[in-house]
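First the structure, in the form of structure tokens, and then the observations on it.
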Amino acid sequence: MDNNQPLLKVENLQVSYRSGKKSYNNVVKGVSFDLGRERLGIVGESGSGKSTIGRALLKLLPTAKIEADRMDFSGTDLLAASERQMLDIRGRRISMILQDPKFSLNPVHPVGAQIAEAYRVHYSASAQVAKQKTLDMLEAVQIRDPERVYGLYPHEVSGGMGQRIMIAMMLIPEPQIIIADEPTSALDVTVRMQVLNILNELVTNKGIGLIMISHDLNLVRNFCDRVLVMRHGEVVEERAARDMKNCTHPYTKGLLAAQPHIGGSRQPLPVLNRQPQALSPQETSV
Ligand SMILES: Nc1ncnc2c1ncn2[C@@H]1O[C@H](COP(=O)(O)OP(=O)(O)O)[C@@H](O)[C@H]1O
Ligand SMILES: [Mg+2]
């Protein structure tokens, strides 16, 4: 495949959840973006529709109506794809890392067996080959004693290790795209840095496209190449991460101003002005 072609092309994505017998609540309103072999951040306050976009890409929204002019993954029209095709895409070609590994790991199986199983679901491999792949993968996510960790149960691992195990499980089928939905929000600061480093390395070395969903603008602008800022289901700003300081939308400006600075002044923290007039785009032209 041409390395310069986007992995994903989304045009005018609309998602509505059913809110009554015939009524729908539109929560993603005409979102368009491309994803290449890069780190794309989607940022915005809680409820702005970020997770809905991630799930819509995998058609994991049984109660929602998903529409788009285009939702194309490496030449596959995701909107037209059958459930059977989606089963092949989910996990093997596009995988999703969620905030809390506790809800994604099965409590009654050792973690190693679960990772190996994630591989064998998608590839025909002997148990032995799958185990070796798993041990290699645990090493790739910087788990020091893979043989020991292989046999642990989910309740026996810490939050940070659990998240690395999840990453190993999501990566073992060698997906082309990873959607990471608040992958580090439940982690403390040092573990968060480790997990981000691992993701970063894997994206760089394997040429994966990463969508990093977060409410934390500081995190995404430091970690990602490009950032989409969402508000009320719409993208209000799209910008290279390093160019974020030149943002023009008042909402983005407000988010940036509300970021605390380490070693900065001890004045009261700025808060985001949520008055509608303070956040309307027209205000930028003054
Ligand atoms: N299953 C659902 N049914 C109905 N409404 C939902 C469902 N999931 C999310 N929503 C609503 O859709 C909006 C966007 O949610 P979400 O995509 O989870 O936002 P974010 O990830 O940015 O916090 C919110 O208003 C939320 O209440
Ligand atoms: Mg969310």
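What the table shows:
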read-out: Lone qualifier among 46, 16, 82 - being within 16 Å of ligand 1 (Cβ to nearest atom) and either at pLDDT 95 or above or crowded, with 18+ Cβ neighbours inside 10 Å (or both); value: 16
read-out: Helices (runs of 4 or more DSSP H) contained entirely in segment 134-221, each with at least 2 residues that are within 18 Å of the chain's Cα centre (by Cα) and in contact (Cβ under 8 Å) with a residue 40 or more places away in the chain; value: 159-171, 189-206
read-out: Failed condition for residue 108, given (1) within 16 Å of ligand 2 (Cβ to nearest atom); (2) of a type in the set (A, V, I, L, M, F, W, C); (3) outside the structural domain of residue 195 (by TED's automatic domain parsing); value: (1)
read-out: Search result, residues across segment 163-194 that are among the small types (Gly, Ala, Ser) and surrounded by 22 or more Cβ atoms within 10 Å (Cβ to Cβ); value: 168, 180
read-out: Qualifying residue in segment 17-34 (condition: within 26 Å of residue 216 (Cβ to Cβ) and of a type in the set (Asp, Glu)); value: yes
read-out: Filter result for residue 186 (out of contact with any Ser or Thr (no Cβ under 7 Å at 6 or more places or on another chain) and more than 16 Å from ligand 1 (Cβ to nearest atom)); value: no
read-out: Elements of type strands (runs of 3 or more DSSP E) contained in segment 1-102, each with 1 or more residues being within 16 Å of ligand 2 (Cβ to nearest atom) and among the small types (Gly, Ala, Ser); value: 39-43, 64-67
read-out: Residue within segment 180-191 that is within 16 Å of residue 91 (Cβ to Cβ), within 16 Å of ligand 2 (Cβ to nearest atom) and either of a type in the set (A, V, I, L, M, F, W, C) or touching a Cys at 6+ places or on another chain (Cβ under 8 Å) (or both) present; value: yes
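The values are calculated or read from the model by the stated rules, or taken from the named source; none is laboratory data. These numbers come from a predicted model, not from an experiment. When we count neighbours, we look across all protein chains shown, and the Cβ atoms used for this are built from the backbone with ideal geometry, even at glycine.
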